[in-house]
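Structure, as structure tokens:
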Ligand SMILES: Cc1ncc(COP(=O)(O)O)c(C=O)c1O
């Protein structure tokens, strides 16, 4: 038989970045390649990543303040994570464990039960945040089935993933493309932080099964008003409604507490987790649930295989997650997030005072930070709009994109907004040091002090 013409793994280091971009455009997604090129990121071939830094083929050292959107709480390639994975492989440990009970999976679940408060006890493992939220919704709806409660309440700001169910319960703020698809039936949107609306519907309706929300709206670093979560959960308990808190972004220390729901002084019925649990190396996610819910659903013998997945809880993923949790514990990463987060916020406030024409608000809960800029259209004004026909549609997010692009080009700092809105999330790894925060703030100061119109013009001319 004829052999396929496949590129070998060993050939990759010799590939020019133009070839890499070409493959990406041709075989993955030309639109994403285009935007990453416009921002100035795509042209660089990253050859190494370690701790807070990335290294390019051309010798640039880039400080990472994006933090893999909260995947990299431990930094890149943490030595203990690498060692754990090396040992797993050196000893040829069992990876796929369908017929046996995996020591790695069992110990990870036991450790999670140790870390989560109260009686959050039974864990389910999968590979992505959306899948974790799907699983959590499914167990909640199964639990409520006999009570004829089948409605899912979600908040306008929440983001829970891009599968059908999770897109359906992601709020109007977070779902620019949801209108292209049909929402699954039975979903009710409420405003984040508005207890009166929830009090009203929970009183009027007896078909509400579950509420899903982020305890702190992660990419906006937005806490709800004091007392909101406690009151919401008490209404849930009074009316037999379950509460799922999505800790996929904010969990495992980023907020300066192990979990963001601790700020609301509650222990939800189900919590979903992912991202940094994989130590920056493993794609692992899941949920943890209280026993009274588990026992009435999958805890019954006939139901125990209702919710499973092929790649959930593989050996090396679980070994990595066990190490990731131990590093957080041993190295005091939660405390570092709290201390450095306070410092970061004080420095962000300094920038806000210096550049009120650009910065509307700054927030940081631990190292979950955000610059909320003024509306890009207001900053640049109608004259700017007129000069670049066709720009109007892409105006939102222009200011943070221009800032991010310049931070990268002039200061070798990676940060990224996604270009949708007028905010710039700041999520460095939890190992960040005060000196690195100083370098970041100094660079921001320099970029904001320059002619921002020229920067934006350069960027938009590339786009338009
Ligand atoms: C809060 C939150 N929930 C869910 C998800 C979805 O996770 P995934 O992209 O792994 O499906 C994300 C992803 O960014 C998230 O931030």
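Things to note:
- Residues of segment 222-245 that turn out to be touching a helix residue (DSSP H, G or I) at 6+ places or on another chain (Cβ under 9 Å), farther than 15 Å from residue 152 by Cβ and within 16 Å of the ligand (Cβ to nearest atom), as a count: 3
- Checked against (1) under 13 Å from the mean Cα position of the chain (by Cα); (2) part of a helix (DSSP H, G or I); (3) under 25 Å from residue 193 (Cβ atoms), residue 251 meets all criteria but (2).
- Members of segment 295-310 found to be in a helix (DSSP H, G or I) and loosely packed, with under 11 Cβ neighbours inside 10 Å, listed by number: 301, 302
- For first residues located in segment 218-239 and at positive phi, partners that are within 16 Å of the ligand (Cβ to nearest atom) and part of a helix (DSSP H, G or I) and lie 6+ apart or on another chain with Cβ distances below 9 Å form the pairs 227/264.
- Check on residue 77, in contact (Cβ under 8 Å) with a residue 24 or more places away in the chain and more than 21 Å from residue 337 (Cα to Cα): no
- Looking only at segment 90-108, and only at residues there that are assigned to a helix (DSSP H, G or I) and in contact (Cβ under 8 Å) with a residue 60 or more places away in the chain, the one that is nearest to the ligand (Cβ to nearest atom): 108
- For residue 129, the test of being within 16 Å of the ligand (Cβ to nearest atom), at positive phi and surrounded by 21 or more Cβ atoms within 10 Å (Cβ to Cβ) is failed.
- Hey, residue 344 surrounded by fewer than 24 Cβ atoms within 10 Å (Cβ to Cβ) and over 17 Å from the mean Cα position of the chain (by Cα) or not: no
- Qualifying residue in segment 185-196 (condition: assigned by TED's automatic domain parsing to the domain that holds residue 168, touching a helix residue (DSSP H, G or I) at 6+ places or on another chain (Cβ under 7 Å) and modelled with pLDDT under 95): no
- Of everything listed in (1) within 12 Å of the ligand (Cβ to nearest atom); (2) out of contact with any helix residue (DSSP H, G or I) (no Cβ under 6 Å at 6 or more places or on another chain); (3) part of a loop (DSSP other than H, G, I, E, B); (4) at pLDDT 95 or above, the single unmet condition for residue 219 is (4).
- Segment 50-68: number of residues that are under 19 Å from residue 426 (Cβ atoms) and either part of a loop (DSSP other than H, G, I, E, B) or without any contact (Cβ under 8 Å) to a residue 40 or more places away in the chain (or both): 4
- Taking the criterion of being away from the ligand (no atom under 15 Å from the Cβ) and surrounded by fewer than 21 Cβ atoms within 10 Å (Cβ to Cβ), the residues of segment 150-184 that qualify are 150, 151, 172, 179, 180, 181, 182, 183, 184.
- Being within 16 Å of the ligand (Cβ to nearest atom), assigned to a helix (DSSP H, G or I) and either within 30 Å of residue 265 (Cβ to Cβ) or at pLDDT below 95 (or both) holds for only one residue in 136, 113, and it is 136.
- Within this structure, residue 118 passes the test of being at positive phi, modelled with pLDDT under 95 and in a loop (DSSP other than H, G, I, E, B).
The values are calculated or read from the model by the stated rules, or taken from the named source; none is laboratory data. Source: prediction; values computed, not measured. Backbone-built Cβ (ideal geometry, glycine too); neighbour counts: all protein chains shown.
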